[in-house]
1. Output the strands (runs of 3 or more DSSP E) that fall wholly within region B:97-183 and possess 1 or more residues being at pLDDT 95 or above, under 25 Å from B:ASN59 (Cα atoms) and out of contact with any Asp or Glu (no Cβ under 9 Å at 6 or more places or on another chain), or say none.
2. Of all residues being closer than 20 Å to B:TRP18 by Cβ and either within 14 Å of chain A (Cβ to nearest Cβ) or among the charged types (D, E, K, R) (or both) in region B:118-136, which is surrounded by the fewest Cβ atoms within 10 Å (Cβ to Cβ)? Just the residue, please.
3. Which residues, counting only those in region B:31-55, are at pLDDT below 95 and of a type in the set (S, T, N, Q)?
4. B:ARG81 fails exactly one of the following numbered conditions: (1) surrounded by 22 or more Cβ atoms within 10 Å (Cβ to Cβ); (2) touching a Cys at 6+ places or on another chain (Cβ under 8 Å); (3) part of a loop (DSSP other than H, G, I, E, B). What is the number of that condition?
5. Given (1) crowded, with 19+ Cβ neighbours inside 10 Å; (2) within 25 Å of A:MET16 (Cα to Cα); (3) within 12 Å of the chain's Cα centre (by Cα), identify the lone condition not met by B:TRP48.
Amino acid sequence: KKKQYNRDFLLGFQFMPACV
Amino acid sequence: QEVVNPEDYIKHPLQNRWALWFFKNDKSKTWQANLRLIAKFDTVEDFWALYNHIQLSSNLISGCDYSLFKDGIEPMWEDERNKRGGRWLITLSKQQRRADLDRFWLETLLCLVGEAFDDHSDEVCGAVVNIRTKGDKIAIWTADYANKESVTHIGRVYKERLGVPAKVIIGYQSHADTATKSGSTTKNKFVV
């Protein structure tokens, strides 16, 4: 199945702390 | 023992790996020498790390381009995956650089990395933003202008995502027509 992400989901990650 | 949710520590993989390219117009160099690969990414988190790190399109000087293409496709007509294709072209007025350019380009990027065109996303090759004094341009490039179903689906979704009013028409042009045009405009293969 294709990995689809909608815009709000993607925008929610813009200012997340970086993964370690 | 604590149960850890994988959502908390695994980056979110994208369907595709993407490459961001930068073009800076230096007339003393060849077109290809002015084109630089900036970085590749294949997760949501790495997309934002790159996006947040680079200049907004509206801060670039005239003659510059950003291109985001699937890994393995070069941002030029000549690439095997592009040469039978074309682009949905958004032409912006000078006033729109301040009002719309950065918003439209980010929306374009989110459409690509999020695979917004469902099964037709496979037809997407990439997207380009051209910063130009006479008016900036943004385009989504697809693989085959003859694939009418995919091209029109992508165009309809893209227009809606950008919030372009229904009365404003956007056009799709083949790269072959753009490359061989004689005047300043290329005829549209499709419009939405």
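The values are calculated or read from the model by the stated rules, or taken from the named source; none is laboratory data. Note that the coordinates shown come from a computational prediction; the quantities given were computed from them, not determined experimentally. Using ideal geometry, Cβ is built from the backbone for each residue, glycine included, and neighbour counts are taken over all protein chains shown.
1. Filter on region B:97-183 gives B:124-130, B:137-142.
2. Taking the candidates together, the pick is B:ASP119.
3. B:GLN32
4. Failing condition for B:ARG81: (1).
5. (3)
Yes/no matrix, rows are residues, columns are (1) under 21 Å from B:ILE154 (Cα atoms); (2) in contact with a helix residue (DSSP H, G or I) (Cβ under 7 Å, 6 or more places away or on another chain); (3) surrounded by 16 or more Cβ atoms within 10 Å (Cβ to Cβ):
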| residue | (1), (2), (3) |
| --- | --- |
| B:GLN55 | no, no, no |
| B:TYR66 | yes, yes, yes |
| B:ASP71 | yes, no, no |
| B:PHE104 | yes, yes, yes |
| B:LEU112 | yes, no, yes |
| B:ALA116 | yes, yes, yes |
